[in-house]
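Report on one structure; see the data block that follows.
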Amino acid sequence: MANTKEKAMNKPNTEETFFEQYNRYLVRFPFLMNGVQAAIIATCGCLASQSINGLKEYDWLEVRTMALINFAFMTPLLVIFMGYLNDNYSNIYAKLFIDQFLFSPFFNAGIIALRLFLLGSEVSSIPAEVIAVLPKAIMSAWMFWIPTRFLIMSYIAPDFHLLVGAMSGFVWNIIFSMILSGK
């Protein structure tokens, strides 16, 4: 019986809608599905921010770097962390506090440091560069992500938190890129 049920979970049903198939794969492969969609959205956000900043040619190294960070660093941490929050806390305000004031500063520092490393900054200069940009990044992140995360946690099913967060990240990538470029 369990073997038949397992086969049914693995085999696409031709009567399923796209949304049902997507949801099934999202539940079955959360790291891969969320990672791919986050990388695609980050790529679009980087390209948009570069266009807004008036670059004549796209900086493909920056685009690839941010796509890789979203896929390989941010998504795995967020899948695990958001799962932890959803499993252990029912109060939205507790989740928001832990997410934004305990997790977010270290998470943002990690993203900035990893970005600098992957873009070829001298390793010894990375801590000073992170410290220089982190306060502005955190304050901007709080202004953007506290209301965004509140709305996501209040109105979106947990399986879709990362997708909606990644879509919101499109706007955040534009803001974050401007912070990192000093504009």
Pick from the stretch 88-136 the residues that are within 19 Å of the chain's Cα centre (by Cα) and of a type in the set (Gly, Ala, Ser): which of them is nearest to Asp59 (Cα to Cα)?
-> Ala113
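I'd like the residue in the stretch 146-183 that is of a type in the set (Val, Ile, Thr) and assigned to a helix (DSSP H, G or I) and, out of all such residues, is surrounded by the most Cβ atoms within 10 Å (Cβ to Cβ). Break it down into steps so the answer makes sense when it comes.
Taking the stretch 146-183 and keeping what is of a type in the set (Val, Ile, Thr), we get 146, 148, 152, 156, 164, 171, 174-175, 179.
Narrowing further to those that are assigned to a helix (DSSP H, G or I): 146, 148, 152, 164, 171, 174-175, 179.
On the way: Ile146: 16, Thr148: 17, Ile152: 22, Val164: 16, Val171: 14, Ile174: 19, Ile175: 16, Ile179: 16.
Result: Ile152.
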If we keep just the residues of the stretch 80-133 that are within 23 Å of Pro30 (Cβ to Cβ), surrounded by fewer than 16 Cβ atoms within 10 Å (Cβ to Cβ) and among the polar types (S, T, N, Q), which is modelled with the lowest pLDDT?
-> Asn86
Where a residue in the stretch 31-53 is within 14 Å of Phe73 (Cα to Cα) and its partner, wherever it lies, is surrounded by 17 or more Cβ atoms within 10 Å (Cβ to Cβ) and small (Gly, Ala, Ser), with Cβ under 8 Å and at least six apart = Asn34/Ala166; Gln37/Ala166; Ala38/Ala166; Ala38/Gly169; Ala39/Ala67; Ala42/Ala67; Ala42/Ala166; Ala42/Gly169
What number of residues within the stretch 60-81 satisfy the criterion of being farther than 23 Å from Val164 by Cα and without any contact (Cβ under 8 Å) to a residue 12 or more places away in the chain?
-> 1
Restricting the stretch 11-39 to residues that are among the charged types (D, E, K, R) and either surrounded by 13 or more Cβ atoms within 10 Å (Cβ to Cβ) or more than 24 Å from Ala67 (Cβ to Cβ) (or both), which is modelled with the lowest pLDDT?
-> Lys11
Is one or more of the residues making up the stretch 122-145 assigned to a helix (DSSP H, G or I) and acidic (Asp, Glu)?
-> yes
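The values are calculated or read from the model by the stated rules, or taken from the named source; none is laboratory data. Just so it is clear, the model here is predicted, and its values are computed rather than measured. Cβ: placed from backbone, ideal geometry, glycine included. Neighbour counts: every protein chain shown.
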